[in-house]
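> Encoded as structure tokens, here's the structure I'll be asking about.
The values are calculated or read from the model by the stated rules, or taken from the named source; none is laboratory data. As the structure is a computational prediction, the values presented were derived from the model and not from experiment. Because the Cβ atoms are built from the backbone with ideal geometry, glycine has one as well, and the counts that use them run over all protein chains shown. Heavy atoms of the whole protein, side chains included, go into the accessibility calculation; ligands, DNA and RNA do not. Shrake-Rupley method; radii C 1.70, N 1.55, O 1.52, S 1.80 Å.
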Amino acid sequence: MSLAEKTRVLDRLFARSCLLPVISIDDLSDVLPLADALADGGIETIEITLRTALGVPAIELLSRERPTLCVGAGTVLNKEQFQAVQDAGAQFVVTPGCTDTLLQCGLNSAIPLLPGVATASDVLSGYQLGYRRFKLFPAQACGGVSLLKAFSGPFADVRFCPTGGITLESAGDYLALPNVMCVGGTWMAPPALIRARDWVAIRRLSQESVSLM
Ligand code: 3PG
């Protein structure tokens, strides 16, 4: 698949669902009830991070047991992890930054990559290879809404998924920008609620987020 086709895949994906919960799994038995709570709340796409050792098994489990959910892999830091999440069934990959190796993986992979960027130079390193969709990370800390507005000048055909420091209250300000295709974060499934296995609260937060967008 060419990079232009992968861009179209991402656009279709995020046109359906502009919210991306970022999830880290500490207990594999949480995966299905958590995914069901998010899905019941109207969420169709989730990112499972590799910040814990259960990231890859969780992606594998969800791909097998919840095929209607679109599962992406986050915090992918190297080539080996990129291959592992692709083999586990991830439908897209998100990285916190953009090394040459990761950008190359995204060119050769069967699934799209959203490379992480925080500066204009980061965007250019992917842009020159054909990338037009990026994760802005850490969004709030690196300039947030003002930075995205500034990026719309030089990078008119680029769209972003800002994540990092976004809340239920600020998500709408990001989504109102024409160069934002979706917003991500942990606010829909906060780690404390996952630890407490409060699936009802997570469903409610997802519902609230979906209805606000
Ligand atoms: C990310 O990787 O996107 C961030 O860590 C999201 O976390 P936050 O929403 O808690 O900032």
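> How large is the helix-only mean residue ellipticity at 222 nm for the chain, computed as the sum of -39500 (n - 2.57) over DSSP H runs with n ≥ 4, divided by its residue count, in deg cm²/dmol to the nearest 500?
-13500 deg cm²/dmol
> Determine, at each q value in 0.15, 0.23 (inverse angstroms), the log₁₀ of I(q)/I(0) that the Debye formula gives when each Cα of segment 154-213 is one equal point scatterer.
-0.49, -0.92
> Specify which residue in the list Ile48, Asn78, Cys161 is farthest towards the positive end of the charge dipole of the chain, using unit charges on the beta carbon of Lys, Arg (+1) and Asp, Glu (-1), about the Cα centre.
Cys161
> Which Cα, out of Met181, Val94, Trp199, lies furthest along the positive dipole direction of segment 3-206 (beta carbon charges, K/R +1, D/E -1)?
Checked the options; the winner is Met181.
> Give, as a single signed number, the net charge of other residues whose beta carbon lies under 15 Å from the beta carbon of Arg8, with Lys and Arg counted +1 and Asp and Glu -1.
With Lys, Arg at +1 and Asp, Glu at -1, the net is +3.
> State, to one decimal in nm, how far the label point of Gln104 lies from the label point of Glu5, with both points 7 Å from Cα in the Cβ direction.
Going by the 7 Å Cα→Cβ label model, 2.3 nm.
> Still on this model: Counting only protein heavy atoms, what percent of the accessible surface of segment 3-206 is carbon or sulfur at a 1.4 Å probe?
The C+S portion of the solvent-accessible surface of segment 3-206 is 54 percent.
> Now, a different point. Place a +1 charge on the Cβ of each Lys and Arg in the chain and a -1 charge on the Cβ of each Asp and Glu, then give the dipole magnitude about the Cα centre in debye, rounded to the nearest 20.
380 debye
> Another one. Extension gain Arg64-Ser152, at 0.36 nm per residue separation less the Cα-Cα distance, in nm?
Contour length minus the Cα-Cα distance gives 27.8 nm.
> Heavy-atom accessible area per residue, the chain, 1.4 Å probe: how many Å²?
So the chain comes to 43 Å² accessible per residue, rounded to a whole number.
> What is the mean projected area of the alpha carbon convex hull for segment 1-103, to one decimal in square nanometres?
For the Cα atoms of segment 1-103, the hull's average projected area reads 6.4 nm².
> Now for a separate question. Just the number: Rg to Rh for segment 3-206, Cα atoms, Kirkwood Rh, two decimals.
Ratio of gyration radius to Kirkwood radius: 0.94.
> Using a cut-off of 14 Å between beta-carbons, work out the net charge of the residues near Gly42 (Lys and Arg +1, Asp and Glu -1, Gly42 not included).
Cβ neighbours under 14 Å give a net charge of -1.
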